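Here is the structure we will look at, set down as structure tokens.
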Amino acid sequence: MLFLRLNRKKPHGSYKLIKKYLSNEQIRLKKYFDNNLEFYKYCRTNSTYMDQKYFVRGKHDIKLSLDTYFFESDHNFSTSHDYKVAKILANDLIQVYLEDRLSHLQKRSKPINHSNLNWTASKTVLIELIYALHSQGVFENGNVKHIAKYFDSVFNIELGDFYHTFMEIKSRKINRTKFIDTLKLSLVRKIEEYEK
């Protein structure tokens with residue numbers, strides 16, 4: 001129910017907007033923790049000396065810190081602090097969920113990662129392209145391994161042993177730069193279409 005509320009109220013929009021919403025939810029949890037610090041300590045230390053007052057029906061003490069929920073609940077069914085324990089357990093789960101969402105959001109917000117571009121051609125042609133770009137020196141201070149890892153993450157593909165694949169490209173007897181040549185032809189065709 002709480003997760004449903006969190007997701008239903010979550011705004012649609014930018015990284016900053018969603019991050020602010022999730023951070024505000026964490027602040028709300030922290031306030032509840034701060035307001036119930038003594039009871040948190042009691043629960044976390046597995047104490048039992050107050051169980052008779054907290055968890056036995058009909059034994060509530062008005063001087064204890066009671067949630068407003070207690071006054072609305074069925075006293076034949078509920079104790080003065082069972083709702084508070086349930087809320088603490090739920091808040092623990094929500095805290096883990098919020099941290100996970102923020103972590104996931106952080107990963108997605110990294111440069112270029114905001115787009116869901118998936119490489120749909122073969123790994124071999126991507127490796128051919130990577131080596132072509134590297135040989136042209138288009139990436140400042142980029143070695144082939146670094147460039148390959150970057151393409152891995154950006155295009156959601158696992159290139160594996162790209163050096164071995166490059167060795168296979170090198171050993172081609174005919175048309176070593178098959179993909180690059182095809183790219184050139186496709187681009188020339190597209191340019192000619194626009195000129196018509």
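The values are calculated or read from the model by the stated rules, or taken from the named source; none is laboratory data. Given the structure is predicted, the values throughout are model-derived calculations rather than measurements. Positions of Cβ are backbone-derived with ideal geometry, glycine not excepted, and every protein chain shown enters the neighbour counts. All accessible areas refer to the heavy atoms of the entire protein, side chains included, with ligands and DNA or RNA removed. Shrake-Rupley method; radii C 1.70, N 1.55, O 1.52, S 1.80 Å.
Tabulated data
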item: Segment 56-85, subset under 31 Å from the mean Cα position of the chain (by Cα) and open to solvent by 30 Å² or more (accessible area, probe 1.4 Å), residue modelled with the lowest pLDDT; result: Tyr83
item: Residue within segment 118-136 that is under 19 Å from Leu159 (Cβ atoms), modelled with pLDDT under 85 and in a loop (DSSP other than H, G, I, E, B) present; result: yes
item: Filter pass, Ile88 being part of a helix (DSSP H, G or I), surrounded by 11 or more Cβ atoms within 10 Å (Cβ to Cβ), touching a Phe, Trp or Tyr at 6+ places or on another chain (Cβ under 6 Å) and at pLDDT 85 or above; result: no
item: Residue count, segment 8-55 (criterion: part of a helix (DSSP H, G or I) and open to solvent by 100 Å² or more (accessible area, probe 1.4 Å)); result: 11
